[in-house]
Each structure stands twice: as structure tokens, then as C-alpha cells.
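Contents: one structure, followed by commentary.
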Number of protein chains: 2
Amino acid sequence: MAGANSRDRELRERAAAVIPGGMYGHQSVGLLPDDYPQFFERGEGAHIWDVDGRRYLDFMCAYGPSLFGYAQPEIDAAYVRQLGLGDTLTGPTALMVELAEALTGMVSHADWAIFCKNGTDATTMALTTARAHTRRRTVVRAKGAYHGAAPWCVTRPTGVIESDRAHQILCDYNDVASLEAAVAEAGDDLAAIFAAPFKHDAFVDQAEPDIAYARRARELCDRTGALLVVDEVRAGFRLTRDCSWSRLGVQPDLSSWGKCLANGHPLSALLGADKARKAAASIYVTGSFWYQAAPMAAALQTLRLVRETDYLERITALGGELRAGLDERAKAAGFSLRQSGPEVMPLFLFDDDPDLRKGFCFSSEMLARGVYVHPWHNMFLCAAMTEADIAAALDAAEGAFAALKRQAPELAPVDKLAFLSAGAR
Amino acid sequence: MAGANSRDRELRERAAAVIPGGMYGHQSVGLLPDDYPQFFERGEGAHIWDVDGRRYLDFMCAYGPSLFGYAQPEIDAAYVRQLGLGDTLTGPTALMVELAEALTGMVSHADWAIFCKNGTDATTMALTTARAHTRRRTVVRAKGAYHGAAPWCVTRPTGVIESDRAHQILCDYNDVASLEAAVAEAGDDLAAIFAAPFKHDAFVDQAEPDIAYARRARELCDRTGALLVVDEVRAGFRLTRDCSWSRLGVQPDLSSWGKCLANGHPLSALLGADKARKAAASIYVTGSFWYQAAPMAAALQTLRLVRETDYLERITALGGELRAGLDERAKAAGFSLRQSGPEVMPLFLFDDDPDLRKGFCFSSEMLARGVYVHPWHNMFLCAAMTEADIAAALDAAEGAFAALKRQAPELAPVDKLAFLSAGAR
């Protein structure tokens, strides 16, 4: 293995000199096993290649954006074609109107759209729109839920001050009594209730949304005049071809979208109901690249594939096969897995593994077998995956479980995850 | 002229149904003359085409991003080539390291870089970094200065609440006494002083930075331990090939960049000195598309052109010709113009035109002659402009001044700018 990751090592050294901490944000491998590569060279379909030329079946899909696979030909061709015509200009192109029409045609609750770049842009606009609509301040959201990396919502708030997070009340996801208590605490100042489509917090089991919780959130908003916001940034179009909570019969007033909207091209959006239109028109929001035409051309192709293909049924079925196959192989090797969340956004945690030492060992063994899985963050399936890919992943898992079994008795605690055992969570 | 803007009209009607207010942000033509097109079809070099097929010499350059002209062949080829390899992946590519090395090699004060998407991302990270570094809260910035569209800094704060803007003290740009008073008011809580490279507020004359103001800002930061932030998002690489204040002999601790960094491809950055590295590494910042490789490939080409071509000397000379020529033609027609700011980011306002009725009429007449100018926001030159373009703009101006002279006696107030006369500014 000597020299096998020499290019990655060299880049890490250079990065340490010119990037704070060597890397930042969700794509830092600081909290992943040491053998995970930090730098990649290429992506195609369901696979990525690291800078040392190793290929992986990628169950992270760029943390969501790759819904139809990397370098999807029709989507990227639309991008490149539009780039030749015009991208960032002195005004928007017709594509912006077409895209807003396409989205409002697909997402039941949506009557309008505002396009932006980051998921955080969309969630922050939802906050501002709700405050402008209600002329109130307080936001209720779930403890531990990720709604972006702005000071008001970031989950590791170094450099954030108390006033950045004023007028927010946290409740427990899926806990109706906790939601009701938070709303009662907000009194006549409730501007919005934020909700993830399902509980997809890091490091813990995922949870499907409780229908009673979703309905109660809607009722409480209706009763108080506050706006209900569903944050689809991570889960959008992986659970349904509409807003996720439409499956529960609950329509939000606002929903934030991003990641897969243009299959990896930079685009996010806030969608809203007529009720919130005037407020949305009253806030000042903008960005240098928010009117870019090429990502909108890519999004129109992405949405066409969402509407016209059976991608959703296929990735749901593949996710089911993966889950059943993993379960079977874990049991055969004497392990017990907790697999949670929707099949297309799976997370598996080992029972009896509070400090994730088993999870880290298993993930490393999967990586060595050409499969990129994540030990503590939900994963993603994409439409470029095939039955053969799932079979390959399960073969890898069989080997990885066997390797874990051999190593399990001597596994050391994972130093970099010491904060988990320190009871911070 | 019947039907001449029929496609734009049709798109505006469709947009009104699916986009709040019909359009949002800095690319809305809501505060521009009625004949300004909202939607564009194409951009190439120094020109844009609206959706009704009319071509304009574009002095807005997408509000800054187009530094080397639209669809610049080498830059876009680099983008497309990288797109074929990998763009938004599960981790960054080597380009991220190369780009951080390139920028820290070019910008004197910078030892590290964090890449993001919006200019607002970079200014907000500057804020958070300064607060993490100092463990203090208060930010001093200039009244009316634009530092982005986040709740903490947006200039039209509908939907923003008091706590979003807590711990900020506003001073007057270029006024040393006002700066000193603000810093004194901050007491031992000063985290940062923010500054634009020059005063480029909308609706008013621009102003070069006073060297005494810049130096005093540096001294006050040194004395208090606060960080000095120069916000280069709008002016970056149009005044110098370094941070703008290096021309004044003043090096900031942090600088925010965006717009032209990748010539219109979506990329922004926070650059910082070693002093702030630890703080920058301690904050959590991220975005779905912040690791995109294709815009970084485009940025590397853009920076190469910045370093290796005489673009800056050429656009500065062209800006000088435009300024002198406009002045001459204005005087010949009996008008007096106030031209302010750097030649490459010009703004001209008519004397005796408090409600901008002359400016609106003149701009419309320029538009009718194929030249897109802005009546109240600074404009931008780009390296795709030629002597012939400036000559064409000056020919257009001659006709536009003559047309303005004929219409001037009967010009009505501009309804949509009534707020200017209301003394809001």
C-alpha cells in the first residue's frame, strides 16, 4: 500500500498551508476514518475516482446533489449549450420563468419560486419571508435538525453570538407535546415552524415523520397565522416528485430546495404559496450568480427526468435491496445493524457501538473494497445505480463484515469521535 | 416600435405569476426606466442581446462578474473541460488547493482562502471569523455601504428583526472622526471594522477611499485587536491585481471576493491573514456547491489572465476615454455631469437632477442607441471592450444628450423613484 495514497497526502499537505484546518465544512474528512481520501479526480454515473486513481461506488452522491449520476449527459449538455449562449448576464433569461413554471407545476403547495445558490439561502429567505408575512419574530424548529450553515441555524456555532439566534425555540422532532409547548412559549410572536421532511440528523438514527406531528404543525400554523416551512434541501425529489410532506397530506406554505435541483449544478430555490407571495416580494434578496442561466437549463432537464422517468421507483427498490442485503449479511456475520430513514437515503449504525469504532472499521473495509459509505451521515442513492452496483456493494459488505469480525475484539476507540462518548449528544 | 419588445412583455407577464413581484434583487428592472428589458437571450464579449433580439454594449457586465467579457473562450473551455471530469463530487478536487495557492500568491495580505458561492457568504464568514477570533461582538461599518443581502447587512431590511443587526455601529465612510467615534462606542467589544475599497453606494456620488481613513482603520484594529475586513466583492481585480487597499499601503486581515473571480462562474472567497487562520478553522461554514471544481478551473484561467495580460491598464485607459468623452459631449450639449469613482467602475449623475429624471431620460436614449448604462448604480468596464466600443458609446451619448436637450423642459418626475425626493437619502 506504500504510496497508494501519495497524491492525496501531498494535496493535504499543500491544503494545510492555504486552507484553514486543511479543509472545511461537510466535505472535510476530518471526522471520517483516516484512510478516506480527501481529494477526488473524477465522477461518472454512480462512481467517483480519488486523486490516486481508485474508483468507488459512491453512496454519498456529493451529499445529495447527484440524483441522476455524475456527468449525466442530457443535463450537462443542457448546461454547456446554455453556457455558450449566456449564463451570468446583466439580467435573467427566459429559463428563469420556465423553471419557476416547471417547479410550481410539480410541487403542489407552490405558486411561486425564488432562485438562489445555497440551501442556506433558501432557508434564510424562508425565515425572512415568514417574519415579513407575520410581522413577528419567533421561529420553532427541531433540536439537532440541520437547516444550513448561517449564524441563525448552524449546528456548530463558533463565532456566532447570542443575538444571531434570538427568538428561536427548539422542540423535539416528532414529539407533538414538545411542539405544542414550543408554540405556546412563542405566544403571539410565532412567525414560522420549520421542519425537515424526516429526521436526518447526523450521528443518530433517522426517523420518518410522524403524521400526527406533521398535521399538528400545520394546524398550529393555521391557528396562529404563522407559516409552515418544510426544508427539502437534502431530501428533495428522493422521497416523492412533490414536497415530501404531501405524502402525509400536509402542505407547507414555504419549502426550501437545493442540492439535486440541477443534479449538482449550483441552484437552490424557495418555493411558496400565494399566501406568502406579498411578503416574499417585500424582502430584498439577491446574489451575484442567482440569475445564472446555465444551472437553470440543467434544472429543466433534471425536472424533466424527475417527471418522465421511473428513477424514483428504481432507486427506492435498489435501496430496499441494499437494506435487506446488508441486514442479512450483518446477521450472518453476527452483527446487528440499525438501518433507518428512507431506503434512498439510508443510514446504518451498529448496535452496541456508541463511539462508532465498529462503524469506522466497517466503512474503511468497504472503502478498501471500492464502496464509499458514510459511518454517521445519511447516504444517498442515485438513478445511475444498477442492480449490479447493489450486488457489488453487498459482496463488498460480506467481506467487510468478515474483516470487522476479525478485528472487532481489538478495535480501539476512535480518537476523533471522542466527543460522542463525552455525552455531548 | 409596436411589438419591438413583445417577447420581454410576454415573459414579464408569465414571471408575474410565478416569481414574487415579477423579479427580485439587483437584476430586477423595477427601478430602471420602463423601456429597459428585463430578460436577455445571449452575451458575447462586451455585448448582450435582449429577448427581442436587440444588441447592447453592456456597461453593467452582469453587475461586475464579466471582467474578461461574456463567454470568454479560454475561461469557458476550462469550465467545460472540468465539467466532463467532475464538478460537484463527494469531495473537492486538486483545483481547490491550486486556486487557494494562486490567490494567496496574488493577494499580499492573504495566507489562506475559503471558497463559497455568494459574495454574502464571504462577508458573513468574515463577520463570524472576526467574532471567533476576538471573542467579541461589535462590528463597525459605513452607513449605506453594501456588504451583501443577509439579514445582518441587507440595505432594505424588510423581514429582518432587531436582533439580526445587533452589535453593529455605523460610521460615515472616509470620515476619520466618525470612525473613531464608532470605535470608541464599541469600547472593548470591537470585533471588526468593515470597509468597501471605495464608496460605491447606489444613488449618490462615489468616492475614492481617503488614505487617512484607511490607515486609521488599520491602526484602530491594531490597537484594539479587532480585524480589518476589506470587501472586494464588487471591485476585486478592477482597481489592482491585489487587494484594493494595498494601493494605499494598508493590508486588511480579511478580504471578501466574488463576482469576477471566475468571470461569471459561481465562485466567491474569503481570504485571510495567518493571524485569523485559527479562527477561520474554528467556524463551521459550508454549502452544497462550495467544492464545485468547474468554477475553480474557470477561476484559475481568470487569474492567469489577470496576471498575464494588460487588461487592467487597457480598461483603465478606456474608462478614462469614456469619462473625458462624456464630459465633453455633456458640456457641448449644455449639461453638467458629476462622474465619480474609478474609471473602470464609473457612475455619472446629472447636476441639478435630484429625482434622476434627466438620468432616466438619458439612459433610455442610450439604450435606444444600443448602449446599456445604469442611471444610479456604478457601472463596470470589461476587457472585451475596445476603443471602437468606447467611440460607439460616445457617438450614442452625443445623440442621447441632444435628445435629452429636446425633452428636458417637459420631463416629468420619475414616479418609481419618488422615494429619493421624499428625503429617504
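The values are calculated or read from the model by the stated rules, or taken from the named source; none is laboratory data. What you are looking at is a predicted structure, and each value in this text was computed from that prediction instead of being measured. A quick note on method: Cβ atoms are made from the backbone with ideal geometry, for glycine too, and the neighbour counts reach across all protein chains shown.
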Given (1) outside any helix (DSSP H, G or I); (2) under 20 Å from residue A:12 (Cβ atoms), index of the condition residue B:98 fails: (1)
Residue selected from segment A:277-295 under the condition aliphatic (A, V, I, L, M) and surrounded by 24 or more Cβ atoms within 10 Å (Cβ to Cβ), by the criterion farthest from the chain's Cα centre (by Cα): A:283
Flag if residue B:22 is on the phi > 0 side of the Ramachandran plot and more than 7 Å from chain A (Cβ to nearest Cβ): yes
Filtered residues of segment B:134-169 (kept if modelled with pLDDT of 95 or more, among the basic types (Lys, Arg) and more than 25 Å from residue B:223 (Cβ to Cβ)): B:165
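If we scan segment A:252-262, do we find a residue that is over 20 Å from the mean Cα position of the chain (by Cα), aliphatic (A, V, I, L, M) and buried (at least 24 other Cβ atoms within 10 Å of the Cβ)?
The answer is no, given that none of the residues of segment A:252-262 is over 20 Å from the mean Cα position of the chain (by Cα), aliphatic (A, V, I, L, M) and buried (at least 24 other Cβ atoms within 10 Å of the Cβ).
When segment A:83-95 is examined, which residues are found to be touching a residue at least 60 places away in the same chain (Cβ under 8 Å) and not in a helix (DSSP H, G or I)?
Correct list: A:86, A:87, A:88, A:89, A:91, A:92, A:93.
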Residue within segment A:158-169 that is surrounded by fewer than 23 Cβ atoms within 10 Å (Cβ to Cβ), within 10 Å of chain B (Cβ to nearest Cβ), in a loop (DSSP other than H, G, I, E, B) and within 24 Å of the chain's Cα centre (by Cα) present: yes
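Tell me the helices (runs of 4 or more DSSP H) entirely within segment B:339-425 that contain at least 1 residues that are acidic (Asp, Glu).
Working: elements: B:357-368, B:387-407, B:418-421.
Correct list: B:357-368, B:387-407.
Just the residues that are part of a helix (DSSP H, G or I) and not β-branched (Val, Ile, Thr), please, taken from segment B:210-225.
Narrowing segment B:210-225 to residues part of a helix (DSSP H, G or I): B:211-224.
Across segment B:210-225, the qualifying residues are B:212, B:213, B:214, B:215, B:216, B:217, B:218, B:219, B:220, B:221, B:222, B:223.
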Residue under evaluation residue A:331, criteria (1) touching a residue at least 12 places away in the same chain (Cβ under 8 Å); (2) surrounded by fewer than 20 Cβ atoms within 10 Å (Cβ to Cβ); (3) of a type in the set (Lys, Arg); (4) more than 14 Å from every other protein chain (Cβ to nearest Cβ), criterion not met: (1)
Members of segment B:273-323 that are free of Cβ contacts under 8 Å to residues at least 40 places away in the same chain and not in a helix (DSSP H, G or I): B:284, B:286, B:310
Condition met for residue B:139 (outside any helix (DSSP H, G or I) and either of a type in the set (A, V, I, L, M, F, W, C) or under 25 Å from residue B:377 (Cα atoms) (or both)): yes
Qualifying positions in segment B:83-96 - surrounded by 24 or more Cβ atoms within 10 Å (Cβ to Cβ) and touching a Lys or Arg at 6+ places or on another chain (Cβ under 6 Å): B:86
Of the criteria (1) farther than 26 Å from residue B:90 by Cα; (2) polar (S, T, N, Q); (3) within 14 Å of chain A (Cβ to nearest Cβ), which one residue B:302 fails: (1)
Residues of segment B:12-46 classified as within 27 Å of residue B:68 (Cβ to Cβ) and either among the acidic types (Asp, Glu) or not assigned by TED's automatic domain parsing to the domain that holds residue B:315 (or both), total: 2
Number of the exception - residue B:78 against (1) facing chain A (nearest Cβ under 10 Å); (2) part of a helix (DSSP H, G or I): (1)
Cβ-Cβ under 7 Å pairs, at least 6 apart or on other chains, segment B:16-30 side assigned to a loop (DSSP other than H, G, I, E, B), far side aromatic (Phe, Trp, Tyr): B:19/A:112; B:29/B:36
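Can you say whether residue B:99 is touching a residue at least 12 places away in the same chain (Cβ under 8 Å), more than 10 Å from chain A (Cβ to nearest Cβ), among the aliphatic types (A, V, I, L, M) and buried (at least 24 other Cβ atoms within 10 Å of the Cβ), as far as the supplied structure shows? Before you say what the answer is, go through the steps one by one.
On the way: touching a residue at least 12 places away in the same chain (Cβ under 8 Å): yes; more than 10 Å from chain A (Cβ to nearest Cβ): no; among the aliphatic types (A, V, I, L, M): yes; buried (at least 24 other Cβ atoms within 10 Å of the Cβ): yes.
No.
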Single match in B:234, B:241 (criterion: at negative phi, surrounded by 18 or more Cβ atoms within 10 Å (Cβ to Cβ) and touching a residue at least 60 places away in the same chain (Cβ under 8 Å)): B:234
Qualifying residue in segment A:176-192 (condition: out of contact with any helix residue (DSSP H, G or I) (no Cβ under 6 Å at 6 or more places or on another chain) and either aromatic (Phe, Trp, Tyr) or closer than 27 Å to residue B:283 by Cα (or both)): no
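Does segment B:63-74 contain any residue that is without any contact (Cβ under 8 Å) to a residue 60 or more places away in the chain, crowded, with 23+ Cβ neighbours inside 10 Å and small (Gly, Ala, Ser)?
The initial filter retains those residues of segment B:63-74 that are without any contact (Cβ under 8 Å) to a residue 60 or more places away in the chain, namely B:71, B:73.
Next, only the ones that are crowded, with 23+ Cβ neighbours inside 10 Å stay: none.
Checked against the condition, which is being without any contact (Cβ under 8 Å) to a residue 60 or more places away in the chain, crowded, with 23+ Cβ neighbours inside 10 Å and small (Gly, Ala, Ser), segment B:63-74 yields no hits at all.
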Pairs with Cβ under 6 Å, 6+ apart, first in segment A:350-370 and on the phi > 0 side of the Ramachandran plot, second outside any loop (DSSP other than H, G, I, E, B): A:356/A:417; A:370/A:56
Residue ID - farthest from the other protein chains (Cβ to nearest Cβ), chosen from residues in segment A:102-147 that are closer than 23 Å to residue A:185 by Cβ and small (Gly, Ala, Ser): A:142
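Which of the following residues is within 21 Å of the chain's Cα centre (by Cα) and at pLDDT 95 or above: A:172, A:188? Can you show your working first?
Working: A:188 fails: within 21 Å of the chain's Cα centre (by Cα).
Being within 21 Å of the chain's Cα centre (by Cα) and at pLDDT 95 or above holds for just one of A:172, A:188, which is A:172.
So which of A:357, A:338 is over 17 Å from residue A:60 (Cβ atoms), in contact with an Asp or Glu (Cβ under 9 Å, 6 or more places away or on another chain) and more than 13 Å from chain B (Cβ to nearest Cβ)?
On the way: A:357 fails: in contact with an Asp or Glu (Cβ under 9 Å, 6 or more places away or on another chain).
Exactly one of A:357, A:338 is over 17 Å from residue A:60 (Cβ atoms), in contact with an Asp or Glu (Cβ under 9 Å, 6 or more places away or on another chain) and more than 13 Å from chain B (Cβ to nearest Cβ), namely A:338.
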Residues (in contact with a Phe, Trp or Tyr (Cβ under 6 Å, 6 or more places away or on another chain) and more than 7 Å from chain A (Cβ to nearest Cβ)) located in segment B:269-293: B:269, B:272
Residues within segment A:55-75 that are within 10 Å of chain B (Cβ to nearest Cβ), hydrophobic (A, V, I, L, M, F, W, C) and not in a helix (DSSP H, G or I), tallied: 3
